[in-house]
Amino acid sequence: MSNILITGANGQLGSEIRALSVLYPQHEFTFTDRTTLDLSNLCKIENFFDDKTFDGIINCAAYTSVDKAESEKELADTINHRFVSLLAKIAKRNHSTLIHISSDYVFNGQNHRPYIESDPTDPQGVYGRTKCDGENAILSVAPSNTVIIRTSWVYSSFGNNFLKTMLRLGKERDDLGVIFDQVGTPTYARDLAQTILEILPRIKNGSPQIYHYSNEGVASWYDFAQTIFELSTIECQVNPITTDQYPTPAKRPHYSLLNKAKIKTDFEITIPYWRDSLKECLITLGEKQ
């Protein structure tokens, strides 16, 4: 494999893949963002691929504004569903290996054990529904050498995310209220990017496979915030609050733990513990004590 397309190159995951790409000189990477590949214009996407073929496609692009999606349903559907459907057809036509990134939001968040890949989906909002529709589109088109990776609670030294928000607010305030009744696992985008680049040339399947990936361990948003301040140089009191005390337009899943046994077994990978990865990210940001 040599010619790899990365969509959503300026997002958290795309940026991490770009940073790691120098370690993979056997590949020639093409990075696209909204200026070079407008995902809201499906005709332009077809035109983009008219004179280009790729051995591999990593789709990091997504409409990720969970609350805004409730009022921008058409745009969210175009990027998270219709574009993904088109990309699957292009991958099938050109015999490209395809990795598509999906979300824990395809589930209803009411489980009491970590979700496995075959659990029934039941998205509770527009964002989750469009991500689920994107998955189903890939399964319907059924390109070979394709995987869907569901992940959760992504953060990075790039872009905007919960980690950076906590670091900023922690420096501005003496105390913060953070939700304690939503449970999942923070995922360092660099760990996910590393895994994607490692498994890409090893994907060999006749029909699309779904995998789960997050860091190891369990946390609430409250735990995540407490650990951010514990590991950094910031002194800020974190107060636990309930979801009801912090209403949002979109419903959040209360339980987002993902079972990673399948991806660990099939690709023989080891996944880091979330606190260890958070330390690494804080070092990168210059915030580690």
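Tabulated values for the structure
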{"item": "Protection-proxy order for peptides 216-224, 169-177, 267-275, each taking the mean of Cβ atoms within 10 Å per residue, highest first", "result": "216-224, 267-275, 169-177"}
{"item": "Pairs beyond 18 Å (Cα-Cα), from K52/K131; K164/K264; K204/K264; K52/K92; K89/K264; K131/K251", "result": "K52/K131; K164/K264; K89/K264"}
{"item": "Accessible area per residue in Å² at 1.4 Å probe, computed on the range 131-289", "result": "43 Å²"}
{"item": "Where labels lie 7 Å past Cα in the beta-carbon direction, separation of L23 and I241 in nm", "result": "3.8 nm"}
{"item": "Length released on extending from T36 to E268, taking residue separation times 0.36 nm less the Cα-Cα span", "result": "80.0 nm"}
{"item": "Average projected area [Cα convex hull, the range 220-289], square nanometres", "result": "6.7 nm²"}
{"item": "Debye-sum result for the chain in log10 I(q)/I(0), which assumes one identical scatterer on each alpha carbon, at q = 0.06, 0.08, 0.10, 0.15 Å⁻¹", "result": "-0.18, -0.33, -0.52, -1.19"}
{"item": "For the range 80-143 and the range 27-70, distance of Cα centres in Å", "result": "16 Å"}
{"item": "Segment S118-N205, extension gain: residue separation times 0.36 nm, minus the distance between their alpha carbons", "result": "29.6 nm"}
{"item": "Principal-axis tilt of helix 162-172 within the chain, Cα atoms, nearest 10 degrees", "result": "30 degrees"}
{"item": "Longest to shortest principal axis, alpha-carbon extents of the range 138-253, angstrom", "result": "54, 30, 23"}
{"item": "For the range 15-97, fraction of C-alpha pairs farther apart than 16 Å, in %", "result": "58 percent"}
{"item": "Bins of 10 Å from zero: percent of alpha-carbon pairs in the range 110-189", "result": "12, 34, 33, 16, 4, 0"}
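The values are calculated or read from the model by the stated rules, or taken from the named source; none is laboratory data. None of the values given here were measured: they were computed from a predicted structure. Quick reminder, even Gly has a Cβ in these numbers, built from the backbone with ideal geometry, and neighbours come from all protein chains shown. Note: accessible area is taken over every heavy atom of the protein model, side chains too, but ligands, DNA and RNA are not part of it. Shrake-Rupley method; radii C 1.70, N 1.55, O 1.52, S 1.80 Å.
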